[in-house]
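Working notes, structure below.
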Amino acid sequence: MTTEQTERIRAALRAAPTRMTLQLSRQLGVPEVEVIRAMREGRAVELDAARWEEILRALEEVGNVHVIVTNGAVTCETTGRFGGFSVWGEFFNVQSGSLDLHVRFKELTAAFAVEKPGHTDGVSTLRVQFYDRQGAAALKAFLSFGGAPPAPERRRWFDDLRRRFAKG
């Protein structure tokens, strides 16, 4: 990313802080991961993506979360609990009964703990997001999803996750 592109992203984030990062990335013609990286200080903490499995396993502690998976044509949203972990070939599986995910873990190259105003009501959301080699979102796990501020115990868990897994 050039300095000019990064500043363009930051200006767009300042102008519309509740805008969906996926839509903003498409509007600006940049990978979504770059929108996350350009967020103002404290909004997005880059996590050590090499520790992807520990981060995914840690999500089990939270209980039910709102999970969003998007590809070029479909966005799927579901609510469930992480757990029932296994590895089979190229897949890290989450099969808890309420979630059934098969993550091609070798494609994960970036992870973030993000706090952002929700696009529907502006209420702060807490989420853990993983990105693939192209900079597209692979998986987003929302600890809070608008309507009300994050519960104090989820806030504490989120802040702890940021400290434990921060990159560098």
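Details
- For a straight C-alpha distance cut-off of 20 angstrom, the lysines reachable from LYS116 (same-chain residues fewer than eight places away being disregarded) are LYS140, LYS167.
- Structure-based [θ]222 nm, the chain - -39500 (n - 2.57) summed over DSSP H runs of at least 4, per residue, nearest 500: -8500 deg cm²/dmol
- Environment charge of ARG40, counting only residues whose C-beta is closer than 12 Å and scoring Lys/Arg +1, Asp/Glu -1: +3
- Summing Cβ point charges (Lys, Arg +1; Asp, Glu -1) relative to the Cα centre of the chain gives a dipole of roughly 380 debye.
- Per DSSP, loop trypsin sites (Lys or Arg not before Pro) in segment 7-113 with at most 11 further Cβ within 10 Å: ARG40
- Remark: spin-label model distance THR70-VAL87 equals 3.0 nm, labels positioned 7 Å along the Cα→Cβ axis.
- Cα-based shape type of segment 45-165, given that a ≥ b ≥ c are square roots of the gyration tensor eigenvalues and the cut on a/c is 1.5: rounded
- R0 of 22 Å, Cβ-Cβ distance SER96-ARG155: FRET efficiency to nearest 0.05: 0.40
- Listed residue (ALA148, VAL62, SER98) projecting farthest to the positive dipole end of segment 45-165, Cβ model: ALA148
- One chain, two ends: GLU54 and SER124. Fully extended at 0.36 nm per residue, the span grows by 22.7 nm beyond their Cα-Cα distance.
Throughout, read-outs are computed from the coordinates displayed, never taken from laboratory work. Computed from a prediction, not measured in an experiment: that's the story for all the values here. Quick reminder, even Gly has a Cβ in these numbers, built from the backbone with ideal geometry, and neighbours come from all protein chains shown.
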